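Just below is one structure, and these are the notes that go with it.
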Amino acid sequence: MYSLIVHGRRSLDLHKWRNLRVSVQNAFSFSSSFSSYAASARDGRKEQVFTFCYLVDSLGLTATLAESISKKASFRDKGNPDSVLRLLRSYGFTDSQISSIVTNYPRLLLLDAEKCLGPKLQVIKSMEGASSSGQLIETISKVPKLLGMKGDKTITRYYDIVKETMESGKSSKFEKLCHSLPRGMQQNKIRNVSVLRELGVPQRLLSPLLVSDHKLVCGDGKFKETLKKVIDMGYDPTSSQFVQALGAVRWLSDKEIQEKVNVYEKLGFSVKDVWEMFLKYPISLRFSEDNVTQTFKILKTCGLVEEEILSVFKKFPQCIGYSRLKIYNFLKTCFGLGFNINQFAMMVKRFPPCLNMSAERVKKRTKLLVKKKNKLMLRKMKWSLNAVASFPQVLGVSMEKRIVPRCNVMKALMLKGLLGDRESILPDKESVLLCTDEEFLDSLLDAEKYLVPKLNSQQSKGASAPELSEIVLKVPKILRKEGDKTISR
């Protein structure tokens, strides 16, 4: 544990498929599990699609956000969700606030508006008085899980906690609040949360702690002990990792933490490597020895050598907690799309989060990019499977916000014969989808400055300087709003 603290303190300054030994047939020995999983997934698919459409149409959410929410809470008709929205609007919540509430607490749409939500809001309103609806709206908007609690006493108790903490934050009288409160669970929770706020922990991380039944911020002695240990280990209070570390360290003794370090050292990690992983993802402190070694062996079976697995773990320690089924599911998806074992290994090494992607997401993006007859991209723009494997980050970007809009821009340029000429200094097809909007637009503006004089002097390839300028001027609007509309020329 001492070695960890030493490395943690030093870290404060730093805040600023080869040699495959099994056959493909063996890799798919879990096919029966996949089949049963697929069957159950199909059962809920209709509800997810309906929920997705409802969220986009009724709340104006983006497709990406609506897709994410539909996986957490789905329904088959709009009767109850409509009632929930009407109820919230009747209390003065704006559509923007409602969208934020649903995003943070999707299951709110599943609660009965008349029998569940209505009485709870009425209890809170009676506490505040008829003239204080603004406080109710502000508090619920920031901590919507209050409405998911059971029992009037529980709701009023936690509402008071949230309200008092929010008020103390506004008045900056944290110390006065801490020392004025008597002992007790509720008072200890407010006191401890106020201490965290003093250290710089942002409100977005404190709100969930206020309404949680978790004992993370309860008690006195244990909280102080855990807090001191996390600070000594070098975590940044402004980061989400700080709160995660509080939860991970609270239940571990110094001896147990050292045992975790020993597990990673046996696999070839240095103490410094282990500490850097803990800083990135504190929950990795809680992984069992079986969990760590099993993931290591699975990736080795899938074609990665030991040095590559160590690199993947250090780059993205979250993947250590992935189940065997999840990893083999991604492997099966890749094979089904035509990737070979070496390409699979390349994808994992370059972008470890791909191991956690759904089969649907991987298939949708891969097929769009490599499809022979593609409405969004011409033949020259088509990616190869090897290109996707070389730039697997493309599987993680948004279809509606990046892939479709940028392909539309590039198609417009291609139709004028302006893509593929390396002298044109236009971005190549691989970097088109991975650079930021600002970098993408800058590259097109640079290309415009270079090409306009050339096009004025020789009207070649069917394009003119005005046409190019018009396309470039449209880019910001396309990237912002009109990703589903192709530029036609």
Applying the selection to the stretch 178-216, what residues are in a helix (DSSP H, G or I), open to solvent by 40 Å² or more (accessible area, probe 1.4 Å) and at pLDDT below 60?
H179, S180, M185
Among the candidates S424, S390, which residue alone is modelled with pLDDT of 75 or more, open to solvent by less than 60 Å² (accessible area, probe 1.4 Å), over 30 Å from L61 (Cα atoms) and hydroxyl-bearing (S, T, Y)?
S390
So, S70, is that one of a type outside the set (A, V, I, L, M, F, W, C), in the same structural domain as L136 (by the TED database), touching a Phe, Trp or Tyr at 6+ places or on another chain (Cβ under 6 Å) and farther than 23 Å from T139 by Cα or not?
yes
Any idea how many residues of the stretch 299-332 are closer than 13 Å to P352 by Cβ, in a helix (DSSP H, G or I) and of a type in the set (A, V, I, L, M, F, W, C)?
9
Can you tell me which residue within the stretch 130-150, out of those that are in contact with a helix residue (DSSP H, G or I) (Cβ under 9 Å, 6 or more places away or on another chain) and modelled with pLDDT under 75, is surrounded by the most Cβ atoms within 10 Å (Cβ to Cβ)?
S133
Would you confirm whether any residue within the stretch 231-243 is farther than 30 Å from L147 by Cβ, assigned to a helix (DSSP H, G or I) and out of contact with any Lys or Arg (no Cβ under 6 Å at 6 or more places or on another chain)?
yes
Test of understanding: among L55, L88, which residue is assigned to a helix (DSSP H, G or I), more than 21 Å from M399 (Cβ to Cβ), modelled with pLDDT of 90 or more and open to solvent by less than 50 Å² (accessible area, probe 1.4 Å)?
L88
What residue, of F313, F335, is of a type outside the set (A, V, I, L, M) and open to solvent by less than 20 Å² (accessible area, probe 1.4 Å)?
F313
Counted residues in the stretch 390-405 being among the charged types (D, E, K, R) and within 28 Å of N342 (Cβ to Cβ) come to 1
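The values are calculated or read from the model by the stated rules, or taken from the named source; none is laboratory data. Computed from a prediction, not measured in an experiment: that's the story for all the values here. Glycine gets a Cβ as well: all are built from the backbone with ideal geometry, and neighbour counts include every protein chain shown. The area values use the complete protein model at the heavy-atom level, side chains included, leaving out ligands, DNA and RNA. Shrake-Rupley method; radii C 1.70, N 1.55, O 1.52, S 1.80 Å.
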